[in-house]
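The values are calculated or read from the model by the stated rules, or taken from the named source; none is laboratory data. Every value quoted in this text rests on a predicted model; they were computed, and no experiment measured them. FYI the Cβ positions are ideal-geometry reconstructions off the backbone, even for glycines, and counts take in every protein chain you see.
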Amino acid sequence: MKTYRDYDDLPKIELPYGKEVSISDSTLRDGAQMPGIVMRSKHKVQIYEYLHMIGIEKLETFVYNERDRKAIKLMQDKGYEFPEITGWARANPADIDMVLNVDGIEETGILMSVSDPHIYDKMKLPTREAAQEKYLNALQYAVDHGLRTRAHIEDMTRADNYDFVFPLVEKILEIDPDCTIRICDTIGYGIPFMNVDEPYGIPTIVKYLKNELGAKNIETHCHDDFGLAVANSLAGYWHGANWSNVTYLGIGERAGNAEMEKLLVFLKRRIKGFEKYDLSCLVEFAKFMEKEIGIRIPRNKSVVGQNVFAHESGIHTAGVIKNPFTYEPYPPEIVGGQRNFLIGDSSGIEVLKFKVQETLKEMMDVHIEVDKNDKRLRNIQADIQRLFNEDERVSCISDEEIRAYVKKYFMFNPIVDQELHRREDDESPDNTI
């Protein structure tokens with residue numbers, strides 16, 4: 001019989017191919033394109049610091065202007081082995097020259113737009129063949145100048161893959177067999193389910209690149225317009241991709257990208273033998289992004305939201321107090337979070353008892369066990385419920401308010417009770433109550 005009463009009891013999943021999978025970051029490239037935010041050099045360097053603390057293998061960044069190059073130099077001055085700083089270029093020699101002019105960059109991505117709207121309307125190219133020639137020439141130029149390459153196959157999930165994209169990838173691999181083929185789900189049309197054919201099926205696309213074309217390095221870059229970016233990234237890993245390109249908090253154009261923190265937690269907590277990333281700074285990283293970059297983080301956002309380890313309702317809080325495994329998917333310290341019990345209109349006596357005992361310990365520096373039927377505890381509960389019943393309260397009871405209730409009922413009442421008992425004793429004929 002299987003017993004699951006602790007995190008360590010739960011079985012972990014194995015990746016089907018049993019190969020090493022890695023993460024590359026685009027927070028400083030795609031994420032920086034998010035409307036309404038501006039990343040200064042100091043912000044980029046601090047983000048780089050967090051990525052290093054986590055153990056992310058690569059990041060990509062623009063090299064177009066002095067601000068970009070200044071940030072790169074500051075990151076390189078840290079002397080870290082990882083994340084490796086890589087470049088990004090459009091498919092022309094001039095852009096690749098900009099990458100080559102930055103000392104220390106040995107790899108670049110090359111944008112290769114493959115859907116018809118991008119080829120004909122955005123780029124104003126006359127034919128698909130013209131687009132292919134442009135992309136292959138740029139790739140050859142990068143390889144000839146000693147760069148490792150990534151082919152960013154833009155809008156692949158809305159393109160004619162069998163007749164155009166797959167033949168293009170075949171030619172890319174002839175030029176650079178080690179080229180990383182990035183599947184760009186640019187508008188979020190990708191589907192993570194098996195047996196969905198191209199252009200949508202991420203499993204189908206990955207398996208074709210791996211099994212039919214022999215691509216050694218396959219990477220997903222998924223946008224979240226339909227809310228499937230993380231699922232599509234995981235589907236990529238499941239069917240043979242060895243890289244996923246993500247951003248922290250999923251920032252980026254429109255609905256953003258696959259969220260790094262979600263992918264990290266899934267890999268570390270759910271996948272067997274996956275220990276290479278340190279997630280203990282994730283909450284701190286999120287607070288930095290909120291304060292310094294201006295990214296608003298919903299309270300209920302997975303992994304880093306304020307409510308992830310907050311408990312209010314009676315059933316949940318009672319369960320967590322007795323065994324956190326009951327209602328928490330992983331311990332808060334894994335991501336640098338902190339458990340928090342809140343008193344609200346759905347809270348029960350267990351969480352109130354816990355908060356009162358916690359407050360008494362803070363005030364008196366000693367643990368005091370309070371019975372849940374203690375009249376003083378029940379009086380506090382009645383006072384709080386009265387606030388909610390009379391519709392006077394629309395928020396949780398703060399720790400400061402709990403402290404005031406404890407002072408009122410536990411610090412003052414015992415003195416009153418003691419005086420009352422003394423008078424009653426004096427009036428009792430046999431000195432008994």
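From the list 292, 253, 284, 259, pick out the single residue that is among the acidic types (Asp, Glu), buried (at least 17 other Cβ atoms within 10 Å of the Cβ) and touching a residue at least 12 places away in the same chain (Cβ under 8 Å).
259
Among the residues making up region 336-380, a single one is within 30 Å of residue 302 (Cα to Cα), out of contact with any helix residue (DSSP H, G or I) (no Cβ under 7 Å at 6 or more places or on another chain) and of a type in the set (Asp, Glu): 358. Only residues that are buried (at least 17 other Cβ atoms within 10 Å of the Cβ) and under 16 Å from residue 16 (Cβ atoms) were counted across region 210-230, and they come to 3. If I ask for residues that are at pLDDT 85 or above and assigned to a helix (DSSP H, G or I), which ones from region 364-384 would you list? 375, 376, 378 - these are the residues of region 364-384 that are at pLDDT 85 or above and assigned to a helix (DSSP H, G or I). Can you spot a residue in region 123-139 that is within 18 Å of residue 242 (Cα to Cα) and either in contact (Cβ under 8 Å) with a residue 60 or more places away in the chain or over 32 Å from the mean Cα position of the chain (by Cα) (or both)? Looking for residues that are within 18 Å of residue 242 (Cα to Cα) and either in contact (Cβ under 8 Å) with a residue 60 or more places away in the chain or over 32 Å from the mean Cα position of the chain (by Cα) (or both), one finds none in region 123-139, hence no. Each residue in region 94-119 was checked for being within 15 Å of residue 165 (Cβ to Cβ) and surrounded by fewer than 21 Cβ atoms within 10 Å (Cβ to Cβ), and 4 pass. In the set (1) aliphatic (A, V, I, L, M); (2) more than 23 Å from residue 49 (Cβ to Cβ); (3) surrounded by 21 or more Cβ atoms within 10 Å (Cβ to Cβ), the condition left unmet by residue 264 is number (2).
Residue by residue through region 295-317, note down the ones that are aliphatic (A, V, I, L, M) and either under 23 Å from residue 347 (Cα atoms) or crowded, with 17+ Cβ neighbours inside 10 Å (or both). Result: 295, 303, 304, 308, 310, 315. Screening residue 290 on (1) more than 26 Å from residue 50 (Cβ to Cβ); (2) outside the structural domain of residue 18 (by TED's automatic domain parsing) shows it passes everything except condition (1). Return the residue satisfying two criteria in turn: it lies in region 68-110 and is in contact with a Ser or Thr (Cβ under 6 Å, 6 or more places away or on another chain) and either charged (D, E, K, R) or not assigned by TED's automatic domain parsing to the domain that holds residue 132 (or both), and of such residues it is farthest from residue 180 (Cα to Cα). Among them, the one singled out is 70.
Taken as a whole, the condition of being among the polar types (S, T, N, Q) and either at pLDDT below 95 or out of contact with any helix residue (DSSP H, G or I) (no Cβ under 8 Å at 6 or more places or on another chain) (or both) applies to residue 76. Are there any helices (runs of 4 or more DSSP H) wholly within region 248-363 with 1 or more residues that are modelled with pLDDT of 95 or more and out of contact with any Ser or Thr (no Cβ under 6 Å at 6 or more places or on another chain), and if so which? By residue number, 260-270, 282-288. Taking every residue in region 146-160 that is over 26 Å from residue 100 (Cα atoms) and in the same structural domain as residue 190 (by TED's automatic domain parsing) and pairing it with any residue that is polar (S, T, N, Q) and crowded, with 20+ Cβ neighbours inside 10 Å, at least 6 positions away or on another chain, the pairs with Cβ-Cβ distances below 7 Å are 155/113; 155/115; 155/186; 158/115; 159/115. Against the list (1) without any contact (Cβ under 8 Å) to a residue 24 or more places away in the chain; (2) closer than 30 Å to residue 39 by Cα; (3) touching a Gly at 6+ places or on another chain (Cβ under 8 Å); (4) not aliphatic (A, V, I, L, M), the condition residue 327 fails is (2).
Within region 368-399, restricting attention to residues that are of a type in the set (Asp, Glu) and exposed (fewer than 15 other Cβ atoms within 10 Å of the Cβ), which residue is farthest from residue 345 (Cα to Cα)? Among them, the one singled out is 369. Report yes if some residue within region 76-84 is buried (at least 17 other Cβ atoms within 10 Å of the Cβ) and out of contact with any Leu (no Cβ under 8 Å at 6 or more places or on another chain); otherwise report no. So far as region 76-84 goes, no, none of its residues is buried (at least 17 other Cβ atoms within 10 Å of the Cβ) and out of contact with any Leu (no Cβ under 8 Å at 6 or more places or on another chain).
Here is a yes/no grid of residues against (1) within 30 Å of residue 346 (Cβ to Cβ); (2) assigned to a helix (DSSP H, G or I); (3) in contact with a strand residue (DSSP E or B) (Cβ under 6 Å, 6 or more places away or on another chain); (4) at pLDDT below 70:
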residue	(1), (2), (3), (4)
401	yes, yes, no, no
410	yes, yes, no, no
413	yes, yes, no, yes
417	no, yes, no, yes
